[in-house]
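Here is the structure we will look at, set down as structure tokens.
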Amino acid sequence: MQNRFLCFVTASTALPRGQITVHKVGGGDFPVAHTCFSRLDMPEYDDVALVHTRLRYCIDHLEEAGFGLA
């Protein structure tokens, strides 16, 4: 699960040289990763369970977004 999260945020399964940053954003339904910057934009959710569900959905569908794990 950790490797898939890293792949979602950084496009790599290795730790980045710098930090992974998380930014709160006002709109949007799902988290958005900016892999060039190791940055994750997280919408402000009202429920912690929704955070888990939406992030898990993104991680579970990496291959559909073009992230193949070799």
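Which ones in region 36-50 are part of a loop (DSSP other than H, G, I, E, B) and in contact with a helix residue (DSSP H, G or I) (Cβ under 6 Å, 6 or more places away or on another chain)?
Pass one, region 36-50, residues part of a loop (DSSP other than H, G, I, E, B): 36-38, 44-47.
Scanning region 36-50 gives Ser38, Tyr45.
Restrict the check to region 59-69 and report whether at least one residue is part of a loop (DSSP other than H, G, I, E, B), touching a residue at least 24 places away in the same chain (Cβ under 8 Å) and of a type in the set (Val, Ile, Thr).
Going residue by residue through region 59-69, those that are part of a loop (DSSP other than H, G, I, E, B) are 61-62, 66-69.
Cutting the leftovers down to touching a residue at least 24 places away in the same chain (Cβ under 8 Å) gives us 62, 67, 69.
Then drop every residue that is not of a type in the set (Val, Ile, Thr), which leaves none.
Among the residues of region 59-69, not one is part of a loop (DSSP other than H, G, I, E, B), touching a residue at least 24 places away in the same chain (Cβ under 8 Å) and of a type in the set (Val, Ile, Thr), which makes the answer no.
With respect to the stated conditions, Ala33 fails to be surrounded by fewer than 12 Cβ atoms within 10 Å (Cβ to Cβ) and small (Gly, Ala, Ser). In the set (1) in contact (Cβ under 8 Å) with a residue 24 or more places away in the chain; (2) at positive phi; (3) of a type outside the set (Ser, Thr, Tyr), the condition left unmet by Gly28 is number (1). In region 1-35, the residue that is modelled with the highest pLDDT out of those that are more than 15 Å from Ile59 (Cβ to Cβ), out of contact with any helix residue (DSSP H, G or I) (no Cβ under 9 Å at 6 or more places or on another chain) and part of a loop (DSSP other than H, G, I, E, B) is Gln19.
Per-residue answers, yes or no, for (1) among the aromatic types (Phe, Trp, Tyr); (2) surrounded by 12 or more Cβ atoms within 10 Å (Cβ to Cβ):
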| site | (1), (2) |
| --- | --- |
| Arg4 | no, yes |
| Phe8 | yes, yes |
| Ser12 | no, yes |
| Arg17 | no, no |
| Asp29 | no, no |
| Pro43 | no, yes |
| Asp47 | no, no |
| Val51 | no, yes |
| Leu62 | no, yes |
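Against the condition closer than 13 Å to Phe8 by Cβ and of a type outside the set (Lys, Arg), how does Leu55 come out, does it pass? In short, yes.
Selection over region 30-62 of residues that are under 13 Å from the mean Cα position of the chain (by Cα) and charged (D, E, K, R) gives a count of 5.
The values are calculated or read from the model by the stated rules, or taken from the named source; none is laboratory data. Computed from a predicted model, the values in this text were never measured in an experiment. Ideal geometry is used to build each Cβ from the backbone, glycine not excepted, and the neighbour counts take in all protein chains shown.
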